[in-house]
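Worksheet: one structure, shown below.
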Amino acid sequence: MSTRHPTLTAPYAERADHAVHPLTSYLFRLMDLKESNLCLSADVQTARELLFMADKLGPSIVVLKTHYDLIAGWDYNPQTGTGAKLAALARKHGFLIFEDRKFVDIGKTVQMQYTAGTARIIDWAHITNANIHAGKDMVRAMAEAAARWKERIHYEVKTSVSVGTPVSERFDDGEEHGDEHSSGDGDGRKGSIVSITTVTQSFEPVDSPRLSKSTTEGDEVLFAGIEEPPADRGLLLLAQMSSKGCLMDKEYTQACVEAARENRSFVMGYVAQESLNTAPNDNFIHMTPGCKLPPPDEEENGEIEGDGLGQQYNTPAKLIGVCGTDIVIVGRGIINNGDPPSEAERYRKKAWKAYLARLE
Ligand code: BMP
């Protein structure tokens, strides 16, 4: 790790001002506002549990990490399905959604996996990640796909005010919808999303690309204190893993650093075990899995046992304070606890304390 890189002692709020990627900047501001550098890895079994956890733990976290493909009953409907419902909870509690998809393939394939197919990850996940063993061009391919998606979404949200995570019905059909936005009156076909009330009363036909909202009552609630996230999508490069015997070597990690620097407008940072910011203008964000706290009555900085299947754990104090990462990713440490909301708060406080201590 590069000791004393300026990002290690700069407050998140200050790093927000210098971040190249709008979503990174937003995330740093959100962290500052919520006093949280905690990401929940919501590896539960069913969509119902996932939404329940997102709603209950949302106040403590700034990022919710998903593996959509391990969730039974994931509803793929772009307007009313699980992604849309998660997006609504993200707006309500103020967190970003990170689909831990670990894309790795040729550029064309990842473009399609990212933007189309069953899950349409780009529509509901602000952030995803990539394992770049297939080569750096894959990152550029994903960046291009995200830019095209944003261009299309940008056109669509121009006519609305309050949708934060819009959904495109078709990514690449080239169809424009310039005559469809009549503010809820006139032809009577469409409700404007200038007013949330109007939206819930006159739901758009399924071929409308604009709504990522489900119609469930209460979904229109917005988190106070910060605006909704920008409509940019971001990528984290999987630069290092927490698992024992991981085959990602230094050369691979360095290739991630180069790819990040070459794609600053799309790459937010890394999933890594230590800070990889070394160049003077590096300000990438680092999210780190393999994090657990000992039970409350045990020595705070003691060794934590792995899970017997290769996973290794470190405490927030070590990851944030010593290794210089920014956000800790915690799964079973929270969700297997008898009281997940309280346990999430315990993690939030410990990780935040480690960050504050690092600034001194
Ligand atoms: P847990 O805290 O329950 O061990 O879960 C860790 C989560 O982070 C899992 O979803 C896993 O897929 C992910 N993860 C990891 O553990 N190590 C890595 O290096 C990268 C990951 O994405």
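In region 73-96, the residues that are over 14 Å from Met53 (Cα atoms) form Cβ pairs under 6 Å with partners that are among the acidic types (Asp, Glu) and open to solvent by 10 Å² or more (accessible area, probe 1.4 Å), at six or more places apart or across chains, as follows: Gly81/Asp75.
Out of Ser25, Ser2, one residue alone is more than 25 Å from Lys292 (Cβ to Cβ), of a type in the set (Gly, Ala, Ser) and modelled with pLDDT under 95. It is Ser2. Taking the criterion of being small (Gly, Ala, Ser), open to solvent by less than 30 Å² (accessible area, probe 1.4 Å) and within 25 Å of the chain's Cα centre (by Cα), the residues of region 285-331 that qualify are Gly290, Gly310, Gly324, Gly331.
Taking Lys350 as the residue in question, decide whether it is basic (Lys, Arg) and near the ligand (Cβ under 9 Å from one of its atoms).
Values: basic (Lys, Arg): yes; near the ligand (Cβ under 9 Å from one of its atoms): no.
Answer is no for this residue.
Scanning region 81-131 for residues that are over 19 Å from Ile71 (Cα atoms) and of a type in the set (Asp, Glu) turns up just one, Asp105.
Scanning region 229-284 for residues that are within 16 Å of the ligand (Cβ to nearest atom), in contact (Cβ under 8 Å) with a residue 24 or more places away in the chain and open to solvent by 60 Å² or more (accessible area, probe 1.4 Å) turns up Met241, Lys244, Gly245. Being more than 13 Å from Ile285 (Cα to Cα) and away from the ligand (no atom under 16 Å from the Cβ) is the filter here; which residues of region 31-45 pass it? Listed by number, the residues that qualify are Asp32, Leu33, Lys34, Glu35, Ser36.
Do you know which residues across region 54-77 are open to solvent by 10 Å² or more (accessible area, probe 1.4 Å), within 13 Å of the ligand (Cβ to nearest atom) and either touching a helix residue (DSSP H, G or I) at 6+ places or on another chain (Cβ under 9 Å) or small (Gly, Ala, Ser) (or both)? Across region 54-77, the qualifying residues are Tyr68, Ile71.
Answer yes or no as to whether Arg152 is more than 13 Å from the chain's Cα centre (by Cα) and closer than 18 Å to Met268 by Cα. Judged against the criteria, Arg152 is not a match. Selection of region 1-38 for residues being touching a Leu at 6+ places or on another chain (Cβ under 7 Å) and crowded, with 17+ Cβ neighbours inside 10 Å yields only Leu27. Taking the criterion of being in a loop (DSSP other than H, G, I, E, B) and buried (at least 23 other Cβ atoms within 10 Å of the Cβ), the only residue of region 78-119 that qualifies is Phe95.
Within region 319-335, the set of residues being near the ligand (Cβ under 6 Å from one of its atoms) and in contact with a Gly (Cβ under 9 Å, 6 or more places away or on another chain) comprises Ile329 only.
The values are calculated or read from the model by the stated rules, or taken from the named source; none is laboratory data. None of these values were measured; they are calculated from a predicted model. Neighbour counts run over all protein chains shown; Cβ positions are idealised from the backbone, glycine included. The area values use the complete protein model at the heavy-atom level, side chains included, leaving out ligands, DNA and RNA. Shrake-Rupley method; radii C 1.70, N 1.55, O 1.52, S 1.80 Å.
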